[in-house]
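Chemist: I have a structure I would like to understand better, so I am pasting it below and will then ask my questions one at a time.
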Amino acid sequence: MSYPIETIRHSLAHVMAAAVKKLHPDVKFAGGPAIENGFYYDFDTEYRFSEEDFAKIEKEMRDLIKSNGRFEQRNVSLSEAKEIFADQPYKMEWLNEYDAAGEDLSVYTFRDFVDLCRGPHVESSKDLPRDSFKIRSVAGAYWKGDAKNKMLQRIYVDAFETKEELDDFLKMQEEAAARDNRKLGKEMDLFHFEPEYAPGAVFWHDKGYRIYRRLIEYVRHRQEMAGYQEISTPAVMDRCLWERSGHWAKYGEHNYSGKTQDGKVFCIKPMSCPGGMLVFGHGLRSYKDLPLYMAEFGKVHRYEAAGGLSGLMRVREFTQDDAHIFCTEEQLEEEVVKILRFIKDIYGKFGFDKITMKLATRKESEFRIGSDEIWDKAEGALKHALDANGIEYEIAEGDAAFYGPKIDNYLKDSMGRVWQCGTVQLDMNLPERFDLSYVGEDGEKHRPIMLHRAMLGSIERFFGILLESTGGNLPLWLSPEPVVVTPISQKHADYANEVVDALRNAGIKCRADLRDEKVNYKIRELSLAKTPIVAVVGEKEMAEKTVTLRRLGVEKQEVMPLSEFVKMMQDSVKMPL
């Protein structure tokens, strides 16, 4: 009998818990679900797991699988469950919070391991693979994800149906490690981090900051062509603004804030939306102004948990290519589709052509604002825009923003990894909270509909995604140093400088590498730094006014007249439209 991969992974999680219990009988169990590419389980024990334990646990798991143990399910009452898990504090805490009185609980037993679980599981461990799982890592994880609770030990495992799938995945992981943005950032001299002084904040070096600025310049250029205005709002604003918007209730604990001498509490901007509301609300707006496209490259600050920080992928200080589109109800569908096409086109210019979309719907939460009637209308409007225009999408239940539903854009990189970046979010609540209005054709005040929009999302995160997807081999128009000119010997240095002057006069960023080193040594170093083109000049090139080009990743050399080379570089470094 074949089983879904999620069932196999969840069953293997129970097998691992049983293996850990056999090796460490006093361990306390929290829980462990199937996740993408595998599963994890959280344990509480005085013993500190390390990589040296991985092989022991894997061997014990394989022995248990060979034993053909059955996964036996039975329903028990709450009182019975408390007897079963009397020595397991994390299970007991969950049981003490259980509020479905009268309902039985599902318990699964595998060998000597018993767990609260809805299932499903495989029938027997003989249905599980023995050689297509591997323990990846162990990390700290707070119980229930709350930093106020005890830190547990979370063991992550990669698991697939076949060994071939596992091997392919591990090979991809090795490639991902070689392309890690922190590693490339160091090799290419782009940026670094200072965990002691500014955890989660990027220290941009010259070359990295040039790429960062270029990304912003490109989005700014495309937005200006599309009719966007650009605004800038304060970095520090009164807490009452975030309370009015609802962000404080939802994200207050993640904000950087402090009290001033006059007793007021100010907050460093965690998002740009409320500032955009104030700009729209300043002055009289007419229906003739709509749709109004208002963009801001806002630097925002959010206190992410230290354990979640990960290079450029998760930081505490970042810049969003945020925008807010104010429109009428009649304009809504067209604007949603226009944004989605805009985002897709932008991604294509960076080489990302595999895009999927998910419609995120409401979640029942104490932080959700707005009536069910407004949410019904908002979700229906986004769904209609997608359906009416033949746009394929999936439903992501419960993933909406607290103020409205959204359509998230997911791109796939060169290693097959999927990243959520761009988004369009329909908001009928914040315009209400900020009492925004425009004068309609009838001379009366009307409430605008607002769309939140991000394309790259976090500039820092997109930088990291692009860096890893390309392995640092960035397109010439984004490269911080598209060409370096190196002479074969010092007697060719004057001509190398002549080539540099010609390139710089044409607006091309470049330099001459005049170090007294062998040319092959310099080329090797420049290749490690991912320099796209090395222009080598010697006696022949100097006499014929040519350059010999070595392109990154290409063995064959190319000789080109200097004037032609300059023209080629001018064309190559232009931003795509």
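The values are calculated or read from the model by the stated rules, or taken from the named source; none is laboratory data. Quick caveat: nothing in here was measured; it's all calculated off a predicted structure. Don't worry about glycine lacking a Cβ; one is built from the backbone with ideal geometry, like all the others, and counts go over all protein chains shown.
Chemist: What do you reckon, is Y98 at pLDDT below 95, among the aromatic types (F, W, Y), over 16 Å from K28 (Cα atoms) and assigned by TED's automatic domain parsing to the domain that holds S11?
Modeler: The answer is yes for Y98.
Chemist: Quick check: anything in the stretch 382-396 touching a residue at least 60 places away in the same chain (Cβ under 8 Å), hydrophobic (A, V, I, L, M, F, W, C) and surrounded by 15 or more Cβ atoms within 10 Å (Cβ to Cβ)?
Modeler: No, the stretch 382-396 contains no residue that is touching a residue at least 60 places away in the same chain (Cβ under 8 Å), hydrophobic (A, V, I, L, M, F, W, C) and surrounded by 15 or more Cβ atoms within 10 Å (Cβ to Cβ).
Chemist: Name the one entry in T361, T423 that is assigned by TED's automatic domain parsing to the domain that holds D206 and closer than 30 Å to K183 by Cα.
Modeler: T423
Chemist: Same structure, new question: Take the conditions under 17 Å from D206 (Cβ atoms) and among the aliphatic types (A, V, I, L, M) and apply them to L474. Does it pass?
Modeler: Taking the combined requirement at face value, the residue satisfies it.
Chemist: So, D238, is that one charged (D, E, K, R) and in contact with a Cys (Cβ under 9 Å, 6 or more places away or on another chain) or not?
Modeler: Here the answer is yes, as D238 does meet what is asked.
Chemist: Only one of these conditions is not met by K509: (1) within 17 Å of P561 (Cα to Cα); (2) touching a residue at least 40 places away in the same chain (Cβ under 8 Å); (3) surrounded by fewer than 20 Cβ atoms within 10 Å (Cβ to Cβ); (4) in contact with a Pro (Cβ under 9 Å, 6 or more places away or on another chain). Which number is it?
Modeler: (1)
Chemist: I'd like to check something: does the stretch 272-281 contain any residue that is farther than 19 Å from F318 by Cα, under 24 Å from the mean Cα position of the chain (by Cα) and either surrounded by 13 or more Cβ atoms within 10 Å (Cβ to Cβ) or not aromatic (F, W, Y) (or both)?
Modeler: No, the stretch 272-281 contains no residue that is farther than 19 Å from F318 by Cα, under 24 Å from the mean Cα position of the chain (by Cα) and either surrounded by 13 or more Cβ atoms within 10 Å (Cβ to Cβ) or not aromatic (F, W, Y) (or both).
Chemist: In this structure, is E296 buried (at least 17 other Cβ atoms within 10 Å of the Cβ) and in contact (Cβ under 8 Å) with a residue 24 or more places away in the chain?
Modeler: Yes.
Chemist: Identify, by number, the condition in (1) surrounded by 20 or more Cβ atoms within 10 Å (Cβ to Cβ); (2) polar (S, T, N, Q); (3) modelled with pLDDT under 95 that T486 doesn't meet.
Modeler: Single failed check for T486: (3).
Chemist: Are there any pairs, at least 6 apart or on different chains, whose C-beta atoms fall under 8 Å, with the first in the stretch 545-557 and farther than 15 Å from S572 by Cβ and the second assigned to a loop (DSSP other than H, G, I, E, B), and if so, which?
Modeler: Hits for this filter: T548/G538; T548/Q557; R550/Q557; G553/N473.
Chemist: Do you know which of the residues in the stretch 145-164 that are of a type in the set (G, A, S) and modelled with pLDDT under 95 is nearest to the chain's Cα centre (by Cα)?
Modeler: G145
Chemist: Could you grab the pairs with beta carbons closer than 7 Å, sequence gap of 6+ or different chains, first residue in the stretch 241-263 and under 24 Å from S365 (Cβ atoms), second one surrounded by fewer than 15 Cβ atoms within 10 Å (Cβ to Cβ)?
Modeler: Between residues of the stretch 241-263 that are under 24 Å from S365 (Cβ atoms) and residues that are surrounded by fewer than 15 Cβ atoms within 10 Å (Cβ to Cβ), the close pairs are A249/F367; K250/F367.
Chemist: On to the next question. Please give the number of the condition V138 fails out of (1) within 17 Å of S11 (Cα to Cα); (2) touching a residue at least 40 places away in the same chain (Cβ under 8 Å); (3) touching a strand residue (DSSP E or B) at 6+ places or on another chain (Cβ under 7 Å); (4) not in a loop (DSSP other than H, G, I, E, B).
Modeler: Unmet for V138, out of (1) within 17 Å of S11 (Cα to Cα); (2) touching a residue at least 40 places away in the same chain (Cβ under 8 Å); (3) touching a strand residue (DSSP E or B) at 6+ places or on another chain (Cβ under 7 Å); (4) not in a loop (DSSP other than H, G, I, E, B): (1).
Chemist: Filter the stretch 534-577 down to residues that are in a strand (DSSP E or B) and touching a Pro at 6+ places or on another chain (Cβ under 6 Å) and give me whichever is farthest from S489 (Cα to Cα).
Modeler: It comes out as T546.
Chemist: Among the residues of the stretch 399-407, is any in a strand (DSSP E or B), within 30 Å of K288 (Cα to Cα) and either modelled with pLDDT of 95 or more or in contact with a Ser or Thr (Cβ under 8 Å, 6 or more places away or on another chain) (or both)?
Modeler: Yes; the residues of the stretch 399-407 include at least one that is in a strand (DSSP E or B), within 30 Å of K288 (Cα to Cα) and either modelled with pLDDT of 95 or more or in contact with a Ser or Thr (Cβ under 8 Å, 6 or more places away or on another chain) (or both).
Chemist: Among the residues of the stretch 175-186, is there at least one that is hydrophobic (A, V, I, L, M, F, W, C), part of a strand (DSSP E or B) and either over 29 Å from H254 (Cβ atoms) or outside the structural domain of K21 (by TED's automatic domain parsing) (or both)?
Modeler: no
Chemist: Restricting the search to the stretch 408-422, which residues are in contact with a helix residue (DSSP H, G or I) (Cβ under 7 Å, 6 or more places away or on another chain) and either part of a strand (DSSP E or B) or of a type in the set (F, W, Y) (or both)?
Modeler: If the condition is that a residue be in contact with a helix residue (DSSP H, G or I) (Cβ under 7 Å, 6 or more places away or on another chain) and either part of a strand (DSSP E or B) or of a type in the set (F, W, Y) (or both), then N409, L411, W419, C421, G422 are the ones that fit.
Residues are listed down the side, and each one gets a yes or a no for (1) of a type in the set (A, V, I, L, M); (2) in contact with a Cys (Cβ under 9 Å, 6 or more places away or on another chain); (3) surrounded by fewer than 18 Cβ atoms within 10 Å (Cβ to Cβ):
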{"position": "K150", "(1), (2), (3)": "no, no, yes"}
{"position": "Q153", "(1), (2), (3)": "no, no, no"}
{"position": "A159", "(1), (2), (3)": "yes, no, no"}
{"position": "E165", "(1), (2), (3)": "no, no, yes"}
{"position": "Q173", "(1), (2), (3)": "no, no, yes"}
{"position": "P195", "(1), (2), (3)": "no, no, yes"}
{"position": "D206", "(1), (2), (3)": "no, no, yes"}
{"position": "I211", "(1), (2), (3)": "yes, no, no"}
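Chemist: Within the stretch 122-133, how many residues are of a type outside the set (A, V, I, L, M) and buried (at least 19 other Cβ atoms within 10 Å of the Cβ)?
Modeler: 3
Chemist: While we're here: Among (1) under 28 Å from the mean Cα position of the chain (by Cα); (2) buried (at least 16 other Cβ atoms within 10 Å of the Cβ), there is one condition H492 misses while meeting the rest; what is its number?
Modeler: In the conditions (1) under 28 Å from the mean Cα position of the chain (by Cα); (2) buried (at least 16 other Cβ atoms within 10 Å of the Cβ), H492 misses (1) alone.
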